[in-house]
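Peer 1: My questions all concern the structure below.
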Amino acid sequence: LKRSCVSKWSLDVGCLGKCKPGYFGQYCEETCSKECLKKACNKSSGICKDCTRTYLEGCTQECGQGCREKDGFPRCDRKSGKCLNGCVFNHYGNFCNVSCRNCKRNSSVVLCDSNGVCLYGCENGYWDKKCNSKCSANCESNAYENRCNSSTGECLNGCTRGWSGLFCGDTMEERHYICEQDNMNEVNPRRSVVESDSSIELNAARKSKKEEGLFGDLGQFQVDYIHAIAREESDNKLGQHTMESPL
């Protein structure tokens, strides 16, 4: 016990002064936590004066894994846990515990800034500033598994079957109005409809063909346009019939 006390001591009172680094207690008989910086802790309570890679009063909570090291270990604020020396490469946030996983890689080691914004765009299949959003599964892929614009999320290669829209989040309506005439040239709005080559859709296709010079070859978007024209013409006919039909 005498060896742990750097001053006079008595059997009854214990160590009358300071304990050697790494020890605490009345007789300096207890060892400080290994998490105490330079093995220094309060002589009476054993609480670390500073922590190494941990924080809170008892140095019980580890600093974020992305905290930049100083003197060989990561350092963070004793109370809040916020990193004191910034983050290591490709980590961000107050605790440096978030990594920029989906940023596009190049020859640079740094892929994102301190706010997590990717510096060179996203890996294929992801989009938004931090590349945390996945492209829609309904986007058509290409040979490089690239589905959508890394900035906007808009699908680059059109949509898979049954989907439409810039983000391929709209279902292709499986109900294309089929306008048929009964014996009295009457429109039957109750007719259940499915995908078909109805005369209305053919007319819409012809109309789209005439306007191809204006819109160009838009692939999936031209298909959507044809469907929109077909629905509009069918709705117009149904509306006209409703106005003319007696109650």
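Peer 1: Would you mind working out the magnitude of the charge dipole of region 7-79 relative to its Cα centre, with +1 at each Lys and Arg C-beta and -1 at each Asp and Glu C-beta, to the nearest 20 Debye? Could you put the intermediate results ahead of the total?
Peer 2: Details: 14 positive and 10 negative charges, 61 e Å.
For this selection, approximately 300 debye.
Peer 1: For a quick protection proxy, order the peptides 152-159, 108-115, 80-87 by their average other-Cβ count within 10 Å, most packed first. Each step should come with its number before you reach the end.
Peer 2: On the way: 152-159: 17.9, 108-115: 13.1, 80-87: 16.1.
Taking the mean over residues of other Cβ atoms within 10 Å, the ranking is 152-159, 80-87, 108-115.
Peer 1: Under the Kirkwood approximation applied to all pairs of distinct alpha-carbon atoms, what is the hydrodynamic radius of region 7-147 in Å?
Peer 2: Details: mean 1/r = 0.0548 Å⁻¹.
So the Kirkwood estimate lands at 18.2 Å.
Peer 1: Can you work out the base-10 log of I(q)/I(0) for region 1-59 at q = 0.14, 0.15, 0.20, 0.25 1/Å, using the Debye formula on its C-alpha atoms alone?
Peer 2: -0.35, -0.39, -0.63, -0.86
All of the numbers you see were taken from the coordinates with simple rules; none came from a lab. This one's a predicted model, so the numbers in the text were calculated from it and none came from an experiment. All Cβ positions, glycine included, derive from the backbone under ideal geometry; neighbour counts span all protein chains shown.
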